[in-house]
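Single-structure report; data block below.
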Amino acid sequence: MLANEVGYHYNETMTQIKICPDCKTEYFPHIGRCADCGAVLLTPEENKKIQEEKQRCMDEIPEDTVVVREGSLTWMDELYNVLIGSNISCAVTTDAGCKKGCCGSTYRLLVSSEDAEKASERIEEHCALLHPELKASREMMGRGQCPACSSPVSSDAVECPDCGLTLLIIE
């Protein structure tokens with residue numbers, strides 16, 4: 001009888017596994033976050049719903065699109081996944097480089113004009129996570145200080161007069 005109770009408990013526990021929505025690793029139900037990527041773990045049912053929503057966002061081509069970012073394919077792919085993970089439909093497009101091969105392709109991340117503000121905010125949040133020092137630099141620039149040496153700089157300065165840090169890139 002004890003063996004059946006143990007077997008029952010084992011089977012019940014195994015049906016209550018949790019899954020990482022990002023890397024698909026399976027965990028016991030008492031674990032809350034993925035050890036590999038830190039994502040919050042989900043039940044199989046929750047994971048299925050999220051994956052279906054992500055697929056819907058990937059399949060849905062935004063109408064009335066605007067470009068929210070341009071850059072390398074790797075960077076646009078990363079931002080695409082950030083937006084899809086936030087349930088914001090988007091697409092990546094490209095213009096082929098020149099036929100001589102000296103110009104690279106330009107990749108653009110597109111969202112609907114309705115989602116543009118929300119997408120930009122989500123991208124800014126992602127960038128802040130990747131580079132927390134940017135927030136401090138922007139705050140110092142807002143106070144009229146060089147982010148590198150704290151010397152006073154004007155709001156239209158191209159570089160710091162004391163340390164030479166480039167403050168504004170002019171294209």
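Observations
- Residue check for Arg69: out of contact with any Phe, Trp or Tyr (no Cβ under 6 Å at 6 or more places or on another chain), at pLDDT 85 or above and closer than 25 Å to Glu121 by Cβ: yes
- Residues in segment 137-171 that are surrounded by fewer than 12 Cβ atoms within 10 Å (Cβ to Cβ), modelled with pLDDT of 85 or more and closer than 30 Å to Asn81 by Cβ: Glu139 only.
- Residue count, segment 32-43 (criterion: surrounded by 13 or more Cβ atoms within 10 Å (Cβ to Cβ) and assigned to a loop (DSSP other than H, G, I, E, B)): 4
- Qualifying residue in segment 94-101 (condition: modelled with pLDDT under 90, at positive phi and surrounded by fewer than 14 Cβ atoms within 10 Å (Cβ to Cβ)): yes
The values are calculated or read from the model by the stated rules, or taken from the named source; none is laboratory data. Bear in mind the structure is a predicted one, so any value in this text is a computation, not a measurement. Neighbour counts are summed over all protein chains in view; Cβ atoms, including those assigned to glycine, are modelled from backbone coordinates with ideal geometry.
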